[in-house]
1. Kindly indicate which of A:133, A:120, A:96 is touching a residue at least 40 places away in the same chain (Cβ under 8 Å), within 17 Å of the chain's Cα centre (by Cα) and within 14 Å of chain B (Cβ to nearest Cβ).
2. More than 10 Å from chain A (Cβ to nearest Cβ), within 28 Å of residue B:60 (Cβ to Cβ) and among the β-branched types (Val, Ile, Thr): which single residue out of B:379, B:383, B:309 fits that description?
3. Return yes or no: is residue A:120 surrounded by 18 or more Cβ atoms within 10 Å (Cβ to Cβ) and either in contact with a Phe, Trp or Tyr (Cβ under 7 Å, 6 or more places away or on another chain) or at pLDDT below 95 (or both)?
4. Suppose we filter region B:336-366 for residues that are facing chain A (nearest Cβ under 9 Å) and touching a residue at least 24 places away in the same chain (Cβ under 8 Å); how many remain?
5. Would you mention how many residues in region A:347-371 are in contact (Cβ under 8 Å) with a residue 60 or more places away in the chain, within 9 Å of chain B (Cβ to nearest Cβ) and either farther than 24 Å from residue A:92 by Cα or polar (S, T, N, Q) (or both)?
6. Could you please give the count of residues in region A:333-346 that are surrounded by fewer than 23 Cβ atoms within 10 Å (Cβ to Cβ), part of a helix (DSSP H, G or I) and within 7 Å of chain B (Cβ to nearest Cβ)?
7. So, in region B:66-102, exactly how many residues are under 18 Å from residue B:168 (Cβ atoms) and either part of a loop (DSSP other than H, G, I, E, B) or without any contact (Cβ under 8 Å) to a residue 40 or more places away in the chain (or both)?
8. Has region B:162-170 got any residue that is closer than 25 Å to residue B:62 by Cβ, in contact with a Leu (Cβ under 9 Å, 6 or more places away or on another chain), more than 14 Å from chain A (Cβ to nearest Cβ) and of a type outside the set (Val, Ile, Thr)?
Amino acid sequence: MDFAYSEEQRMLTDSLRRLMADRWTYAQRRARQAAGVLDQGAWSNLVELGVAGLLVPEAYGGFGESPATMLAVHQELGRGLVSEPAISSAVMAVTLLSHCDNETIKQRWLTAHAEGEAVLAIAWQQEGERYALRPLGTRATAVSEGFSLDGRKVLVWHAAGSQALIVSAVLDGEMALFVVRTDASGVKIADYPTFDGSRASTVILDRVVVSKEDLIAKGGQAQDLLALALDFGVTAMCAHASGAMQYLTEITIQYLKTRKQFGQPLAAFQVLQHRLSDMLTQQEMGLSMTYVATMGLAETEAATRSRLVSMAKVEVAAAARFVGETAVQLHGGMGVTDEFEVGDYFKRLTATEFMLGDTNFHLQRMQDLGN
Amino acid sequence: MDLTWTPEERAFREEVRTFVKEKLPADLQAKAFSHHRLKRDDYLRWHRLLSDQGWGAPSWPKAFGGTGWNALQRLIFEIECFKGGAPRLVPFGLSMIGPVLIKYGTQAQKDHFLPRIIRMDDWWCQGYSEPGSGSDLASLKTTAVRAEGHYVINGQKTWTTLAHHADWMFCLARTDSSVKAQRGISMILIDMKQPGVTVRPIKTLDGGSEVNEVWLENVQAPLENLVGEENNGWTYAKFLLGHERSELAILKSLAERTMASGDSLSLDSRVRDSINRIEAQVLALEMMVLRVAADESSEPGPKASILKIRGSELQMELARLQMQVAGPDALPYDPEWMFAESDFHGPGAAYSPAAGAGYFDMRKTAIYGGTNEVQKGIIAKQIIGV
């Protein structure tokens, strides 16, 4: 085992950190959030540094990088609080398509993704079903042109700004996955902001017709692909949270050193020193669990892999909550305004719990997958 | 010791419950139960209904136009009002400056201001915190200088809750810079509707803006607007902070509302356990409030700090649990959805967006009124005696 970054990984993370410092400042992030649409310039910046092609196999024009590189990259993106579809599309959709057997889809969408010409979103959640993976309520039926899809998906992360959706639906009593173009007739996207400065949508599918070639997979294979995409997404999100925790701890230390109360810097108070120590402890445990998840992605046994990833999600979400809440508390009044970046980091870290399965979902999954 | 409610206490509870049921306007109740934001006029409408009933100042002695209720009656009143979905009573006049004027005000101040507080003809705000002086009030920098029969006040206040609604501010200012920090501070009543007063809203984590920055530039107040003796403001400030802490502790109604709105559809035993657990914790806090309230003789001391810490912890935990219950539906959030006339179009129940907003907003309770760290320091000092 070797925890040191390779030469390439170091160069890549250095470049990303510079990019974050240049283009993902507090003011720039806020401006892009206010605009409410995917900023093509910002996305291009990420594409240029290889974020979009990172996990795309070399055969389709990507870099075919390992989960370890993914960890390193998404940690930097988390430090910069990236709100662009780096996880939903570049990790989850790419992983799902890379592992499917449909060569037409792979040629069409993976290549475009690596080049930055296509963004994809996965529509898997149903209204009132929390994080259930079964696509109850979304139906696919065979028609002469291919398939017709009907249903309603919620919380589709970055659906607006995507060229295509990967939709889970019930076909002949089992799960099937389809590629659906967002401009297809019958697709309606209602976009809304999320509390952490990102965006999601409710997607309504009303007799949307796709061709036979748009079927990605069905049955057990579809379930495996969705689980794999979820596991990669969760791991990238853990890395993102680890980077965000790191940055938040750094700015909190700075704040305590400069803010004076009762005639001395806040950093001089032992009770606050201990809370900083607790933040660092949680942050390091969270990062360690992110490594566990990353190792888990290489497991050949899907159940073993998913169980390790779920464990990581539970621990990282707890660490993220602790670090976020404590950073706000240590910033005092400044922490509860919407006018400093501590609040932005706190909200993103809070979202860690609610995206891609909450703690109860992942504890249940650990239980179901056994030992 | 008798741990049962008396027939009189039960009858009183019934009287309040009936009043709220009959008099509380339906639109106010709807706003309360869906966590929509209240407007200035919403508070006023409810307050005047109470005032017409003779209940405009529940915690004041009869001699000053209050109800003369004892502590348990006041608590029953608050719980029933919250349960019924009534707006909270705006505390700045009734709970903060009112009791100070009753105890330390001049006869003229009492005659003029107290009836206006009961009718809510004046909306008050609290001018304590300053940009460089949060937990450490003794370091405040706003000055009040005597000149030709009045004070001239200069400085900047911050975290001033609902200052944009206010007609008057009770303001802590430094009147003597030659003495020890906390001895040179006085409390002065300032008319907010005059040139030199600038109010700027501060946006908070929930996207709302209930708190403000207030600039005071050559603002004037007549000398008779000094409360109590000059340079003794520190004592009053501590007295007030004790009250704010007690106010915070009234939580049970909120707990019940959270549970009533919980989506039981997909709750598993993990969530149910947390809700059962906090119900027990809220009961413990409520009994603590009853014990403190029943002992009217005691000054706010370590118990007030305990109530503040525990009250804020439970308020934060309740908000977090509510978000946990909303689950994925808590993620979509637009601050516009917090208004009754909003065009909410996220997934899930209409209360879902408020769950996240509530969680972010409630973090303030561990910070304002003296941070929980400061409270723990106060408790430690009193029990160790240093």
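1. Values: A:120 fails: within 14 Å of chain B (Cβ to nearest Cβ); A:96 fails: within 14 Å of chain B (Cβ to nearest Cβ).
Sole residue among the options that is touching a residue at least 40 places away in the same chain (Cβ under 8 Å), within 17 Å of the chain's Cα centre (by Cα) and within 14 Å of chain B (Cβ to nearest Cβ): A:133.
2. Details: B:379 fails: within 28 Å of residue B:60 (Cβ to Cβ); B:383 fails: within 28 Å of residue B:60 (Cβ to Cβ).
Residue meeting the stated conditions: B:309.
3. Numbers: surrounded by 18 or more Cβ atoms within 10 Å (Cβ to Cβ): yes; either in contact with a Phe, Trp or Tyr (Cβ under 7 Å, 6 or more places away or on another chain) or at pLDDT below 95 (or both): yes.
Here the answer is yes, as residue A:120 does meet what is asked.
4. Looking only at that region, the number is 9.
5. 1
6. Within region A:333-346, residues that are surrounded by fewer than 23 Cβ atoms within 10 Å (Cβ to Cβ), part of a helix (DSSP H, G or I) and within 7 Å of chain B (Cβ to nearest Cβ) number 1.
7. Kept after step one, since they are under 18 Å from residue B:168 (Cβ atoms), are these residues of region B:66-102: B:89-102.
If we keep only those that are either part of a loop (DSSP other than H, G, I, E, B) or without any contact (Cβ under 8 Å) to a residue 40 or more places away in the chain (or both) as well, we get B:89-90, B:93-94.
Of the residues in that region, 4 qualify.
8. Residues of region B:162-170 that are closer than 25 Å to residue B:62 by Cβ, as a first pass: B:168, B:170.
Those left that are additionally in contact with a Leu (Cβ under 9 Å, 6 or more places away or on another chain): B:168, B:170.
So of that shortlist, the ones also more than 14 Å from chain A (Cβ to nearest Cβ) come out as B:168, B:170.
Narrowing further to those that are of a type outside the set (Val, Ile, Thr): B:168, B:170.
Yes: one or more hits.
The values are calculated or read from the model by the stated rules, or taken from the named source; none is laboratory data. Since we're looking at a predicted model, the values are computed, not measured. When we count neighbours, we look across all protein chains shown, and the Cβ atoms used for this are built from the backbone with ideal geometry, even at glycine.
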